[in-house]
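One structure is given here, and the rest of the page talks about it.
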Amino acid sequence: MPLPNWDAAPVKPVDEQPVNIKADWWRDEIRARGLPGTPPAGNRLTRADVWAPADDVFTLLWRTLAWGSGPRNRLNRSRLAAIAADVPRCEDLLTKAADLSRRDPAAAFALFRPGDTNEIRYLGPSFFTKFLYFAGGGAPGHPCLILDRRVATALRDRYGWTSLHRRGPWPAETYERYCDLLARWAREAGCAADQIELWLFNNFSANRN
């Protein structure tokens, strides 16, 4: 697939992309279940806030989920309940996935979805790829990127990846191809791969079939 002819405003750094969240909800729900990690503070998160160093994988996950959900918390109670049901197993999975995210997108993805089901219930690709992305801490060249239905829709409907399902779930091999594609486009465009991901996210709706 060739690099798109950018027909929108030039891509910008993604660090300060803001999302409004319900911090009190996250604090209360996490504490009520006795879950580890620090809930997000403040009712606004940027990508830079999520990237900020965390002492444990659960703090990173709570920030990721809050940023990805925004003011809507659909399914988050179910996600938290699934994690609370087996905290040690989830901690091991998150730790291994965060480590793999720095060098092997397909293997990291496959930890969360090794077959036809998610390893953590209600935590599907649109959310766990956010975790894989943020596990990089904003490092340039981090190979894992966010893949969700808006990005997939833009790639399919606007830029010709006709075999890419709009809503997923996607196999690990497809995720690896996606990360490789955006990395190549970024090199050709002279920008960061997550800038292209955000550009696709913001331009998913035009010219839809």
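Segment D180..D55, full-extension length gain: 42.0 nm, with 0.36 nm per residue of separation and the alpha-carbon distance subtracted.
Label-to-label distance for E173 and T95 is 3.2 nm, based on points extended 7 Å past Cα in the beta-carbon direction.
Test of understanding: what is the full-extension gain from R166 to R72, defined as 0.36 nm times their sequence separation minus their Cα-Cα distance? Walk me through the intermediate numbers first.
Values: separation 94, 0.36 × 94 = 33.84 nm, distance 2.14 nm.
Computed gain between R166 and R72 is 31.7 nm.
Principal-axis analysis of the Cα atoms of the chain puts helix 57-69 at an angle of about 60° to the longest axis. Farthest toward the positive end of the dipole of the chain, out of P125, A108, W51, is the Cα of P125, where the dipole comes from beta carbon charges about the Cα centre.
Over segment 18-202, the reciprocal of the mean inverse Cα-Cα separation, the Kirkwood hydrodynamic radius, stands at 16.6 Å.
Which of rounded, prolate, oblate describes segment 24-76, given a ≥ b ≥ c as roots of the alpha-carbon gyration tensor eigenvalues and a/c under 1.5 marking rounded, otherwise prolate only if a/b is larger than b/c? Can you show the working numbers first?
Numbers: a/c = 1.74, a/b = 1.08, b/c = 1.61.
Oblate.
The angle separating the long axis of helix 23-32 from the principal Cα axis of greatest extent in the chain is about 50 degrees.
Paramagnetic label reach from Y122 (point 7 Å along Cα→Cβ; backbone nitrogen cut-off under 15 Å): within segment 30-64, residues 30-35, 62.
Every read-out reported here was derived from the displayed coordinates using simple, explicitly stated rules and does not represent laboratory data. Just so it is clear, the structure is predicted and the values come from calculations on it, not from any experiment. Every residue, glycine among them, receives a Cβ derived from its backbone with ideal geometry; neighbour counts consider all protein chains shown.
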